[in-house]
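In what follows, a structure is listed as structure tokens, so that the remarks can point back to it.
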2 protein chains.
Amino acid sequence: MTQDPLVVFTPSGKRGRFPAGTPVLTAARQLGVDLDSVCGGRGICSKCQVSPGYGEFSKHGVTAREGALSDWNAVEERYDEKRGLAPGRRLGCQAQIQGDIVIDVPPESQVHRQVVRKEASTREMVMDPAVRPYYVEVAEPDMHTPTGDLERLAEALKEQWGIGSVTAGISVLRHLQPVLRKGKWTCTVVLHKGHQDEDHRILSIAPGFDETRLYGLAVDLGSTTIAAHLTDLRNGTVVATSGAMNPQIRFGEDLMSRVSYSMMNPGGDLAMTAAVRTAINALTDTLAAEANIQTDQIMEAVFVCNPVMHHLLLGIDPVELGQAPFALATSKSVSLHLADLDLTSMNPAARVFILPCIAGHVGADAAAVALSEAPDQQDELTLVVDVGTNAEILLGDKRKVLACSSPTGPAFEGAQISSGQRAAPGAIERIEIDPVTKEPRFQIIGCSLWSDDPAFDAAIGKTGVTGICGSGIIEAVAEMRMAGLLDSKGLIGGPTQTGTERCFAEGRTHSYLLYDGTETGGPRIAITQGDIRAIQLAKSALYAGSRLLMDEMGTDTVDRVVLAGAFGAHISPKHAMVLGMIPDVPLDKVVSAGNAAGTGARMALCSVAARASIEKTVREIVKIETAIAPRFQEHFVNASAIPHAADPFPILRSTVPLPDVDYNTQGDSGGGRRRRRRA
Amino acid sequence: MTQDPLVVFTPSGKRGRFPAGTPVLTAARQLGVDLDSVCGGRGICSKCQVSPGYGEFSKHGVTAREGALSDWNAVEERYDEKRGLAPGRRLGCQAQIQGDIVIDVPPESQVHRQVVRKEASTREMVMDPAVRPYYVEVAEPDMHTPTGDLERLAEALKEQWGIGSVTAGISVLRHLQPVLRKGKWTCTVVLHKGHQDEDHRILSIAPGFDETRLYGLAVDLGSTTIAAHLTDLRNGTVVATSGAMNPQIRFGEDLMSRVSYSMMNPGGDLAMTAAVRTAINALTDTLAAEANIQTDQIMEAVFVCNPVMHHLLLGIDPVELGQAPFALATSKSVSLHLADLDLTSMNPAARVFILPCIAGHVGADAAAVALSEAPDQQDELTLVVDVGTNAEILLGDKRKVLACSSPTGPAFEGAQISSGQRAAPGAIERIEIDPVTKEPRFQIIGCSLWSDDPAFDAAIGKTGVTGICGSGIIEAVAEMRMAGLLDSKGLIGGPTQTGTERCFAEGRTHSYLLYDGTETGGPRIAITQGDIRAIQLAKSALYAGSRLLMDEMGTDTVDRVVLAGAFGAHISPKHAMVLGMIPDVPLDKVVSAGNAAGTGARMALCSVAARASIEKTVREIVKIETAIAPRFQEHFVNASAIPHAADPFPILRSTVPLPDVDYNTQGDSGGGRRRRRRA
């Protein structure tokens, strides 16, 4: 008796023997090989393409001869004529096994293909979206067993896709009968899988095999900006990204001022809710236009946001979040119909998923950061800092994860800074101050030249120098500290003390002149003592929060710092550490995670498993409330110094100069003293 | 060691020993005694009232002495002052067991109290509504374990009521925080229990202990009339019943004409959907006003209806129901939000439940009849006939149940009858024809006197005699047949043939003059040959359907006939049988079930278990489609005779005269022959 042919699938290496005539797709399914199919093996969808390999495969112990697969059949011929089948490709549902063979499953034929997030990260994401299309063939009605069309559709989904139980809303029910008849008892249904053993829900139904691409929206709804990624739900590709200002800003710059607005103005919460929903609708329209898709193709939206944004998005008055004990209306993830939020620029059947909140001050955005950065899976003790108007801080490793938030205020975003501005062309974002001459040079957004380059003025002609953005102010303050223009308490020295006329008196304090464009009609950009104070307050809050978590973890040091947030992507680790924003670690242990909250939103959009995982992680995270932590105030005061009044920062001090100056005088006119301590 | 006190509960007879100091409610719960409580034993709701019995109870072997229960405590004193506690009553959650005692649980303290449906029936219904209020005490928020208010509420429901998992929609979420704070962390939530292991859904939430009564609506949505019962969800009491014409009548009298309307007029289905929903809203307002409740107190509506009404209620085009294979969009029960149906006159959070359909012609109304009459639980082979514009027929016993529908048309409802009218005051509903004189006498709706009573004319003064209703026409035709005025083929004899001038010629046929009110300005009411033909068509369709099911069951006889439907309640079994509407059974085996569909709707409203039960029964019912049954036409033709051309009706013939006359002539003028066969 001869053995059945041996089939080896790559890259999985899974192998087995199958009777001659077995379709490749069937063999793949029986072996658990990840080979896609939307039409269930009917030669319609072409998702099951494979690349057979012929010849000697000593690694696999297989010799694949000509004829190891059946010849092209009519289905493949027709498909090739219509769409073109790449050379060497076969349709897995049509090609039958005739002899030993090695079959490669290309990445695009893998359902659970992994989407590499980005080079900086080693973490990968497996596609497992909540929303997926399924092609089914439905039994025709029979007067002898008069079940409804919906029941026969459910039966088909069970038999053909193993889907246990489905529900359908009234809009699907209304379209079901004409669609099934138009499709001659075949249809493509879009199902939504809930995350807690819920039934699958039929979102829409189209006649026959419908190839319409489905998209999802991952939204990072911040207090200042709304960032949204339009994502292809088949492969996780971001097809368009756009951002908009959060229009709630007109009700209050920061979170607490919006909570106050709601408290002081009856219906104020509803006005803010309406404003943000309108903005989301507009942003969605923009994204769909940019990607050249219909808004009807958008079937799900995943939101991450801080608790106040979370409540205002849901239409819940955030008043309780403005006062102790900062009670959330709901902390678990929220799953809704699109219409529940008055969102309109998607498919009317679309679903909304909002990640869970960690605590009253630590929201779904922090949960998304936890999902993206996964401190709970790290061997190294990792501090994740998401810097925004409010900073969310996570500290942990495989043993446990702690979380808190700290009210940094908007200084890091350029607000409350005399020449501060949003990160936009013309804004100073990089600064160096010569430690000897005390002369600055800088770069602005939109130009790669430094300001001391002879071509600089010509290159920036159009935008000019307009102000200083968040990362720029951090570099400016840190550089001033390293150049000895600023003492550890945060005082700017006078011209005599510092030896440069760029330090000039403004009332009883001094400012440092960074740029004077007045001759050419531009601005005069200086770092004022007020700017320094604003940055000190912000960074003290940030550091004190981290320090509180370190106390709780029983440590004085961390192994690794991850800077999350759009701002974190632009910040210079060295300058941040000189400022004492983050604990003292080797600079190569400070990494930027980019918009980690947005990445977490995309992960949740693309994976039901990720949703379940973060729900579980969030329950396990130990929440620390800074507002009632007895040592927070002490940490805050100590952190006011640059870099710190108590913590030694030995690693930092070994790499950068931190001149031991003290400008605690009543001015610099005449008898200012300049004291040097031993380093 | 002395034994713990013995407690015997009546009427259940459950008994057990409990340590002295155990509250009666606790003992009842541990023994599984059905003792109500909404507040969970906190002395708030007073639902757990019991009547302790003192003295010798030899039956139970208990001697209950004074002091067998603790003295009244402050909670009972306060309750008695505020509300009054009936003599001998105690609050089960407050009274503690101190010695042997017999405790009676009065009916109103039983949660699962049985509601006797009506005297004619022995079946009872156990209260188990989908919608119930629960009082809970919710943990206050804690900054150290910052869960959301919803999560703490869910925890409280789990701990205090054993409710596993709850969901809340956006409107509940929006109110949750202020309600919990207003109620000082106590609240009453109204939960809806889905019927398929679904989570409980929070429909509404009120601060503290909220005693608002909750109501449900059981609606029998017929093609002609909509009947609705407003029902107290605590005890199943119908607090108001009202009916309205189905406004879809203006689009078509019967089902098929409405389906045609939809086919011929684009958007016609939507117009009919809007019309019926508007009517339901108005009817609900009427009921709420009649019962003096707020529409907000109505938390659920249960609908039963035929498939066309079912689809039009749901907003589904019924076109498929008008043509073979009569495919339903969905056959299972449907559970919806109120808003899905644009219904407005209830609590906005209310739910809608629609019973399952049996087949494309046998709807949720037939399912409700099956629930109410339960042929599947009978030892006797039972034929259930629901007579309306369309007749639904069930035949079965414990072994199996068959179902079909038959298109009787509206003749039985007085339509298509020359003097026909709706059952309303003035309509003739009872008729007797003297077999010798051939003179009729009758009763009209609204007057208990017969027309040959000297006081009749005076008694009916206000309404007069206006026409003849459905049950009247059946009696008239049957009486004419028994009096020999009508032959078995349905021909009315002429004056010479019948010996009465009341039989008068109209063209080439004859009519029988029932009432002549022309002298006093009233109508002239006659039974015409056309009326007889209309009734023959209707009754043939009805009988043929029953006969088809009997064929399928392999029987020529049934044991018992149940006449369901509002019309069935008024029909005279004898006359129906003379007409041959129903198979030949002893007259005492013909019972009227009243509005069995409406009763089924009420049962489903009051019991989640009944919903599950009928869903299962409907799946098991064998569906027979009359339209494709080969023998239906033969049965129809045979059933045209009065009572029947082939079936002998021996039981009927043994009790009533069925003169063997034949009026198959070309008229009665002069030489009409009157042939008598041997009986």
Need the failing condition index for B:Ala329 against (1) in contact with a Lys or Arg (Cβ under 9 Å, 6 or more places away or on another chain); (2) assigned to a loop (DSSP other than H, G, I, E, B); (3) under 30 Å from B:Arg560 (Cβ atoms); (4) within 14 Å of chain A (Cβ to nearest Cβ), just the number. (3)
Looking across the range A:291-308 at residues that are assigned to a helix (DSSP H, G or I) and over 23 Å from A:Leu270 (Cβ atoms), the single one that is farthest from the other protein chains (Cβ to nearest Cβ) is A:Ala291
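So, in the range A:133-151, of the ones that are closer than 27 Å to A:Gln297 by Cβ and part of a helix (DSSP H, G or I), which residue ends up farthest from the other protein chains (Cβ to nearest Cβ)? Spell out the reasoning first.
Initially, the range A:133-151 is screened for residues closer than 27 Å to A:Gln297 by Cβ, giving A:133-138, A:149-150.
Filter again for part of a helix (DSSP H, G or I), leaving A:149-150.
Working: A:Asp149: 5, A:Leu150: 4 Å.
Here the residue is A:Asp149.
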Out of B:His311, B:His229, which single residue is within 14 Å of another protein chain (Cβ to nearest Cβ), crowded, with 19+ Cβ neighbours inside 10 Å and either on the phi < 0 side of the Ramachandran plot or assigned to a helix (DSSP H, G or I) (or both)? B:His311
If I ask for residues that are surrounded by 15 or more Cβ atoms within 10 Å (Cβ to Cβ) and of a type in the set (S, T, N, Q), which ones from the range B:426-482 would you list? B:Gln443, B:Ser451, B:Thr463, B:Thr466, B:Ser471
From the residues in the range A:598-653 that are basic (Lys, Arg) and in contact with a strand residue (DSSP E or B) (Cβ under 6 Å, 6 or more places away or on another chain), which one is nearest to the other protein chains (Cβ to nearest Cβ)? A:Lys623
Test for B:Val62: is it surrounded by 13 or more Cβ atoms within 10 Å (Cβ to Cβ), at pLDDT below 90 and either within 23 Å of B:Gln30 (Cβ to Cβ) or of a type in the set (D, E, K, R) (or both): yes
Take the residues in the range B:1-33 that are of a type in the set (Val, Ile, Thr) and part of a helix (DSSP H, G or I); name whichever of them is modelled with the lowest pLDDT. B:Thr26
Looking at (1) crowded, with 21+ Cβ neighbours inside 10 Å; (2) within 12 Å of chain B (Cβ to nearest Cβ); (3) under 24 Å from A:Arg547 (Cα atoms); (4) not acidic (Asp, Glu), find the lone condition where A:Ala368 falls short. (2)
Odd one out for A:Asp340, checked against (1) within 10 Å of another protein chain (Cβ to nearest Cβ); (2) within 22 Å of A:Gly388 (Cα to Cα); (3) assigned to a helix (DSSP H, G or I): (2)
The number of residues in the range B:437-458 that are of a type in the set (Phe, Trp, Tyr) and assigned to a loop (DSSP other than H, G, I, E, B) is 1
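Keeping to the range A:383-402, report how many residues are outside any loop (DSSP other than H, G, I, E, B) and under 18 Å from the mean Cα position of the chain (by Cα). Walk me through it before giving the result.
Start the filter on the range A:383-402 by keeping residues that are outside any loop (DSSP other than H, G, I, E, B), which leaves A:383-386, A:391-396, A:401-402.
From the residues that got through so far, the ones that are under 18 Å from the mean Cα position of the chain (by Cα) too are A:383-386, A:391-394.
Residues meeting the conditions: 8.
When the range A:403-427 is examined, which residues are found to be at negative phi and part of a loop (DSSP other than H, G, I, E, B)? Talk me through it step by step, then tell me what you get.
So in the range A:403-427, the residues at negative phi come out as A:403-408, A:410-413, A:415, A:417-425, A:427.
The answer is A:Pro407, A:Thr408, A:Ala415, A:Ile417, A:Ser418, A:Ser419, A:Gln421, A:Arg422, A:Ala423, A:Ala424, A:Pro425.
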Looking for whichever is β-branched (Val, Ile, Thr) and free of Cβ contacts under 8 Å to residues at least 24 places away in the same chain here; the options are A:Val334, A:Val302, A:Val352, A:Val259. Which one fits? A:Val334
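Mind checking whether some residue in the range B:390-400 is within 14 Å of chain A (Cβ to nearest Cβ) and touching a residue at least 24 places away in the same chain (Cβ under 8 Å)? Break it down stepwise before answering.
Looking only at the range B:390-400, we keep the residues that are within 14 Å of chain A (Cβ to nearest Cβ), and these are B:392.
Now drop any that are not touching a residue at least 24 places away in the same chain (Cβ under 8 Å), which leaves B:392.
For the range B:390-400, residues within 14 Å of chain A (Cβ to nearest Cβ) and touching a residue at least 24 places away in the same chain (Cβ under 8 Å): present.
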Right, B:Thr241: in the same structural domain as B:Ile298 (by TED's automatic domain parsing), in a strand (DSSP E or B) and surrounded by fewer than 20 Cβ atoms within 10 Å (Cβ to Cβ) or not? yes
Looking only at the range B:185-220, filter to residues that are within 14 Å of chain A (Cβ to nearest Cβ) and assigned to a loop (DSSP other than H, G, I, E, B); which one of those is surrounded by the fewest Cβ atoms within 10 Å (Cβ to Cβ)? B:Asp197
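Can you pull out the residues in the range A:585-597 that are crowded, with 23+ Cβ neighbours inside 10 Å and either touching a strand residue (DSSP E or B) at 6+ places or on another chain (Cβ under 6 Å) or free of Cβ contacts under 8 Å to residues at least 40 places away in the same chain (or both)? So that I can check it myself, show each step before the final result.
Let us first name the residues in the range A:585-597 that are crowded, with 23+ Cβ neighbours inside 10 Å, namely A:593, A:595-597.
Residues satisfying the conditions are A:Ala593, A:Ala596, A:Ala597.
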Regarding A:Ala74, is this residue in contact (Cβ under 8 Å) with a residue 24 or more places away in the chain and either crowded, with 18+ Cβ neighbours inside 10 Å or small (Gly, Ala, Ser) (or both)? no
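In the range A:152-182, how many residues are of a type in the set (A, V, I, L, M) and at the interface with chain B (Cβ under 7 Å from one of its Cβ atoms)?
Number of matching residues: 3.
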For A:Asp556, only one of the following conditions fails: (1) assigned to a helix (DSSP H, G or I); (2) surrounded by fewer than 23 Cβ atoms within 10 Å (Cβ to Cβ). What is its number? (1)
Tally up the residues in the range A:253-291 that are in contact with a helix residue (DSSP H, G or I) (Cβ under 8 Å, 6 or more places away or on another chain), buried (at least 19 other Cβ atoms within 10 Å of the Cβ) and of a type in the set (Gly, Ala, Ser), please. 3
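The values are calculated or read from the model by the stated rules, or taken from the named source; none is laboratory data. The shown structure was predicted, so the numbers you read here are calculated from the model rather than taken from an experiment. Neighbour counts are summed over all protein chains in view; Cβ atoms, including those assigned to glycine, are modelled from backbone coordinates with ideal geometry.
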